[in-house]
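Asker: A single structure is presented below for examination.
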Amino acid sequence: MSDAKERPQPVRNGLLTIDEAIAYGGKLFDTSADFDAALDHVLVLLEDAATLFERRSFGSSVFLSITALEEISKAHVGIFRRDNPGPKPKGGDPFRNHRAKHSMAILESVFMTERIIEALGRERADALYSEAQTTGFTTVREAALYCARGPSGFESPKIAIAPHRAWEFVILAIETADDALVGCTTHSYRVGKSFDALFERVLARQPGDEA
């Protein structure tokens, strides 16, 4: 028997959730220009997340990174969605569920490049994948935006979101966009170069492991 540490089994399967989102239906795009507009929006979110990280506004950076992940999953899956005139499948539209969008965004293919594994490390990459497929990032999303009282007392986003956690989310969101969206249109290849430059820019600003 191997002593290797096994990856926790996900509660949610991102590929199955994609199938559910497609089956639910509801066309998102009419033309490739619509997809390109969604892609440009993702790039703006990522650039803003990176800028906020550099300004040490870590909570706002995380919130925009997670928002970008949600928009990435919609743009990716939206390519395949069609209007469904029949009865809607049970369970509601995954496009309206934060956790579902996180699981659809963070697929195993995101972690197939050397640069993301070298940046995060295999253990953190596996942990982020597991987080996306089990609890999702909803709790982090809320903590990044709102003040609240937690188990240890009052917390603000400045307290709740550590610099390294914010850095991880920006890196993860950029790589996810590159994995899911580049190659779908001619315009996406040009945007892909911007993703690459942004990844290197954020990579060079990796903070220490502050609590």
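Asker: Considering segment 149-180 alone, what residues qualify as being farther than 21 Å from Glu114 by Cβ and assigned to a helix (DSSP H, G or I)? Reasoning before the result, please.
Answerer: First pass over segment 149-180, keeping only residues farther than 21 Å from Glu114 by Cβ: 149-163, 165-166.
Within segment 149-180, Pro157, Lys158, Ile159, Ala160, Pro163, Arg165, Ala166 qualify.
Asker: When the residues of segment 139-180 are narrowed to those that are open to solvent by less than 20 Å² (accessible area, probe 1.4 Å) and in contact with a Pro (Cβ under 7 Å, 6 or more places away or on another chain), which ends up nearest to Leu46 (Cα to Cα)?
Answerer: Trp167
Asker: State which residue is surrounded by the fewest Cβ atoms within 10 Å (Cβ to Cβ) when the search covers only segment 181-202 and only residues that are in a helix (DSSP H, G or I), over 15 Å from the mean Cα position of the chain (by Cα) and among the hydrophobic types (A, V, I, L, M, F, W, C).
Answerer: If we take residues in segment 181-202 being in a helix (DSSP H, G or I), over 15 Å from the mean Cα position of the chain (by Cα) and among the hydrophobic types (A, V, I, L, M, F, W, C), then Ala197 is surrounded by the fewest Cβ atoms within 10 Å (Cβ to Cβ).
Asker: Which pairs turn up if I take residues in segment 148-174 that are free of Cβ contacts under 8 Å to residues at least 12 places away in the same chain and under 17 Å from Phe199 (Cβ atoms) and look for partners that are buried (at least 16 other Cβ atoms within 10 Å of the Cβ) and basic (Lys, Arg) with beta carbon separation below 6 Å, at least 6 apart in sequence or on another chain?
Answerer: Partner pairs satisfying both residue conditions: none exist.
Asker: Would a scan of segment 73-81 turn up a residue that is touching a Ser or Thr at 6+ places or on another chain (Cβ under 8 Å) and not polar (S, T, N, Q)?
Answerer: No; the residues of segment 73-81 include none that is touching a Ser or Thr at 6+ places or on another chain (Cβ under 8 Å) and not polar (S, T, N, Q).
Asker: Right, here's the next one. Considering each residue of segment 133-147, count those that are free of Cβ contacts under 8 Å to residues at least 60 places away in the same chain, touching a strand residue (DSSP E or B) at 6+ places or on another chain (Cβ under 8 Å) and part of a helix (DSSP H, G or I), and give that number.
Answerer: 1
The values are calculated or read from the model by the stated rules, or taken from the named source; none is laboratory data. Being a predicted model, the structure only gives us computed values, none of them experimental. So basically every Cβ, Gly included, is an ideal-geometry build from the backbone, and we count neighbours across all protein chains shown. Please note that ligands, DNA and RNA were not included when accessible areas were found on the heavy atoms of the full protein model with its side chains. Shrake-Rupley method; radii C 1.70, N 1.55, O 1.52, S 1.80 Å.
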